[in-house]
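*Asks:* Submitted below is the structure of interest, expressed as structure tokens.
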Amino acid sequence: MTFPLGKRYLTFSGYYRNLYGQRLQKLVIDAGMTCPNRDGTVGVGGCTFCDNAAFHPGYSTPDLPIGRQLDEGIAFHKGRYRSVGHYIAYFQSYSNTYAPTPHLRKLYLEALSHPEVVGIAVGTRPDCVDEDKLDLLSSIMKGEERGLEGWRREGFPHPLVSAEYGIESCRDSTLERVNRGHTFECARRAVELTSQRGIPVCGHFIVGLPGESRDTLLEDCRTINSLPLTSVKFHQLQFIRGTAMEREHDNNPGDFMEFTSLDSYLDLMVDILERLRPDLYIERIAGEVPPRFVRESRWGLVRNFDILHALDRKLEERDTYQGRLLE
């Protein structure tokens, strides 16, 4: 595997450019979904770490039509990224397959009707997909779904489709402790069923959940490698104000890994990268939460691009790269 010039890991930033010759930007969409871990189907109260408002931008609100959210998102990003060619509607908030298939079809096709949108990325839980919903995504990706007749964008004969699953941990004991409401085997099956249809899959993982350690996280790299994922996102655990996780940390701080400095976190991320297969795209290594949602920002006001530059320096200092420790 050849990494991008000047990089020691497989960055996702050039993924779409390499495939389609242009930069594509995700636009976060709030489609007004909920979650089976909130409405009583599998649990109540949600995951102990979750406050969804902390993870999406101001232009993404469920009271706005999807087309309006896309327009405002495009206006926001055009001032930041002038090289963007087209956009992908990212259904991010809550579980975006947690609705009847006909309703999902309406939402997805509404997003794809926007003239600057060339695809959808669907964020959801592993226990919120089934054969019927995955068949819908596959049909959209192939341009076969009714309502896509005549759909064309320059360079894109059919819509792009990808799925993003909140896996969070490879360990059932951790998933139970954070009130996740599904097992890791459920996550494995969802990823495999999605990949079998040729749909690119991203897995989300949280670094620093209670009861986990550096050793367990490094052991779990082997499990992550065994999944047919296209890409991964890592987020450091952040204690969002008012969540059950914040209270648990206050009561049992010794159960948590403490990343008191960005440098210590990056050392762990390099250890993880060394153990990940080199064809796995790295979409994110840390999350950003607005300061008002957390009690303290332990790293200060460090933006994601600063973290990525620091990761590059750390990899160079250690003279290592993604997949180096794989047999």
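The values are calculated or read from the model by the stated rules, or taken from the named source; none is laboratory data. Keep in mind it's a predicted model, so treat the numbers as computed, not measured. No Cβ is skipped: glycine too gets one built from the backbone with ideal geometry, and neighbour counts run over all protein chains shown. These accessible areas exclude ligands, DNA and RNA; they are computed on the full protein's heavy atoms, side chains included. Shrake-Rupley method; radii C 1.70, N 1.55, O 1.52, S 1.80 Å.
*Asks:* Would you tally the residues in region 307-318 being out of contact with any Leu (no Cβ under 9 Å at 6 or more places or on another chain) and open to solvent by less than 60 Å² (accessible area, probe 1.4 Å)?
*Replies:* 2
Rundown of residues vs (1) surrounded by fewer than 12 Cβ atoms within 10 Å (Cβ to Cβ); (2) among the basic types (Lys, Arg); (3) under 18 Å from Ile272 (Cβ atoms), yes/no style:
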site: Val289; (1), (2), (3): no, no, no
site: Val294; (1), (2), (3): no, no, no
site: Phe305; (1), (2), (3): yes, no, no
site: Leu325; (1), (2), (3): no, no, yes
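*Asks:* Would you mention how many residues in region 197-208 are touching a strand residue (DSSP E or B) at 6+ places or on another chain (Cβ under 7 Å) and part of a loop (DSSP other than H, G, I, E, B)?
*Replies:* 3
*Asks:* Can you name every residue in region 238-259 that is of a type in the set (S, T, N, Q) and either assigned to a helix (DSSP H, G or I) or without any contact (Cβ under 8 Å) to a residue 12 or more places away in the chain (or both)?
*Replies:* Within region 238-259, Asn251 is the sole residue that qualifies.
*Asks:* Please determine, by comparing only the residues of region 23-58 that are at pLDDT below 90 and touching a strand residue (DSSP E or B) at 6+ places or on another chain (Cβ under 6 Å), which one is farthest from Glu176 (Cα to Cα).
*Replies:* Once the filter is applied, the top-ranked residue is Arg23.
*Asks:* Which of the residues that make up region 175-196 are part of a helix (DSSP H, G or I) and open to solvent by 10 Å² or more (accessible area, probe 1.4 Å)?
*Replies:* Glu176, Arg177, Phe184, Glu185, Cys186, Arg188, Arg189, Glu192, Leu193, Ser195, Gln196
*Asks:* Okay, next question. Does region 158-174 contain at least one residue that is closer than 28 Å to Arg23 by Cβ, surrounded by fewer than 19 Cβ atoms within 10 Å (Cβ to Cβ) and not charged (D, E, K, R)?
*Replies:* Checked against the condition, which is being closer than 28 Å to Arg23 by Cβ, surrounded by fewer than 19 Cβ atoms within 10 Å (Cβ to Cβ) and not charged (D, E, K, R), region 158-174 yields at least one hit.
*Asks:* For region 260-284, name all the residues that are under 12 Å from Val302 (Cβ atoms) and assigned to a loop (DSSP other than H, G, I, E, B).
*Replies:* Listed by number, the list holds a single entry, Ser261.
*Asks:* Right, here's the next one. Can you list residue pairs whose Cβ atoms sit under 7 Å apart, with the first residue in region 27-44 being over 29 Å from Gly119 (Cβ atoms) and the second being open to solvent by 60 Å² or more (accessible area, probe 1.4 Å)? Count only pairs 6 or more apart in sequence or on different chains.
*Replies:* As it stands, the answer is Val44/Arg38, since those pairs meet every condition given.
*Asks:* Restricting the search to region 10-50, which residues are within 30 Å of Phe305 (Cα to Cα), surrounded by 15 or more Cβ atoms within 10 Å (Cβ to Cβ) and among the hydroxyl-bearing types (Ser, Thr, Tyr)?
*Replies:* Within region 10-50, Thr11, Tyr15, Tyr16, Tyr20, Thr48 meet the criteria.
*Asks:* So which residues in region 119-157 are open to solvent by 30 Å² or more (accessible area, probe 1.4 Å) and in contact with a strand residue (DSSP E or B) (Cβ under 6 Å, 6 or more places away or on another chain), if there are any at all?
*Replies:* Hits for region 119-157 are Met141, Arg153.
*Asks:* Please list, ordered by first then second residue, the pairs with beta carbon atoms under 8 Å, 6 or more apart or interchain, first in region 80-97 and free of Cβ contacts under 8 Å to residues at least 60 places away in the same chain and farther than 26 Å from His182 by Cβ, second open to solvent by less than 10 Å² (accessible area, probe 1.4 Å) and in a loop (DSSP other than H, G, I, E, B).
*Replies:* none
*Asks:* Next question. When region 102-125 is examined, which residues are found to be of a type in the set (Ser, Thr, Tyr), touching an Asp or Glu at 6+ places or on another chain (Cβ under 9 Å) and not in a strand (DSSP E or B)?
*Replies:* Within region 102-125, Tyr108 is the sole residue that qualifies.
*Asks:* Let me ask something else. Go through (1) under 22 Å from Val191 (Cα atoms); (2) over 23 Å from the mean Cα position of the chain (by Cα) for Gly147 and report which single condition fails.
*Replies:* (1)
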